[in-house]
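Heads up, the thing below is written out as structure tokens.
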């Protein structure tokens with residue numbers, strides 16, 4: 001009888017000991033991967049401080065278009081000032097020449113400053129562009145009029161050496177990318193040879209002798225002539241780092257009536273700049 005009472009007591013003691021050991025066993029059990037809640041890493045910072053001064057250089061391709069302008073027509077008309085010829089014909093119409101193009105590489109340097117208003121970017125930029133493009137044109141026309149035979153010849157040669165540009169830029173930043181629009185003023189340095197020669201022969205001489213004062217010529221070669229105009233364009237800038245910026249850009253520049261010739265320049269170029 002004594003052994004029967006000890007048996008149930010030992011069983012109860014063993015059960016209690018096992019239950020006390022369960023928490024310790026559970027604490028030692030390895031935790032499955034992913035069971036713990038971890039902090040999500042912050043997203044990378046793609047922002048860019050576009051404000052500040054920068055300078056750089058560019059290279060590209062330009063196509064320059066030279067076209068007869070009002071100045072050449074005025075020279076031709078001026079050859080017959082005070083004569084009846086102006087009532088019979090417009091001499092300037094006889095010196096019109098077809099537009100002509102030249103193309104080639106261009107390169108230069110630029111510097112500017114950006115102001116950032118949130119994502120809106122306002123900047124000012126100045127640049128120097130080397131172009132070295134030129135064309136030549138000439139005309140020779142004659143008309144028999146009641147007052148006599150009129151002959152008009154012209155040369156219309158021009159070379160664009162280089163030009164300066166001062167521009168405003170308007171951009172909108174998308175992180176490290178900034179598309180922009182630009183507009184400004186330009187001043188170009190040219191070499192020109194714009195001249196018109198005329199002759200006016202009398203019917204009384206059977207058109208073999210010229211009126212008094214003819215033949216005559218107005219104009220001639222000039223070096224370092226300055227022409228003024230405007231520019232417009234746009235592009236896309238990318239900030240590779242906080243201090244290194246690259247861009248692709250298109251720019252149209254126009255110089256009106258440079259010694260009688262209008263000059264338009266279309267330029268596509270790439271550039272790199274250091275920002276401070």
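For region 251-272, the candidate set comprises residues that are within 24 Å of residue 53 (Cβ to Cβ) and surrounded by fewer than 20 Cβ atoms within 10 Å (Cβ to Cβ); within that set, the residue that is farthest from the chain's Cα centre (by Cα) is 272.
Within region 196-224, the residues that satisfy the criterion of being modelled with pLDDT of 95 or more, within 27 Å of residue 161 (Cα to Cα) and buried (at least 17 other Cβ atoms within 10 Å of the Cβ) are 196, 197.
Tallying residues that are closer than 30 Å to residue 211 by Cβ and touching a strand residue (DSSP E or B) at 6+ places or on another chain (Cβ under 8 Å) within region 63-110 yields 19. Kindly indicate whether residue 176 is closer than 30 Å to residue 246 by Cα and either out of contact with any helix residue (DSSP H, G or I) (no Cβ under 6 Å at 6 or more places or on another chain) or touching a residue at least 40 places away in the same chain (Cβ under 8 Å) (or both). Judged against the criteria, residue 176 is a match.
Out of all the residues in region 100-119, is one or more within 30 Å of residue 200 (Cα to Cα), modelled with pLDDT under 95 and exposed (fewer than 14 other Cβ atoms within 10 Å of the Cβ)? Taking every residue of region 100-119 in turn, none turns out to be within 30 Å of residue 200 (Cα to Cα), modelled with pLDDT under 95 and exposed (fewer than 14 other Cβ atoms within 10 Å of the Cβ). When residue 207 is tested against the conditions (1) over 15 Å from the mean Cα position of the chain (by Cα); (2) within 30 Å of residue 109 (Cα to Cα), the lone failure is (2).
Can you tell me which residue is farthest from residue 262 (Cα to Cα) among those in region 98-113 that are more than 17 Å from the chain's Cα centre (by Cα) and part of a strand (DSSP E or B)? Going through the qualifying residues, I end up with 102.
The values are calculated or read from the model by the stated rules, or taken from the named source; none is laboratory data. All values reported here derive from a predicted model rather than from experimental measurement. Neighbour counts are summed over all protein chains in view; Cβ atoms, including those assigned to glycine, are modelled from backbone coordinates with ideal geometry.
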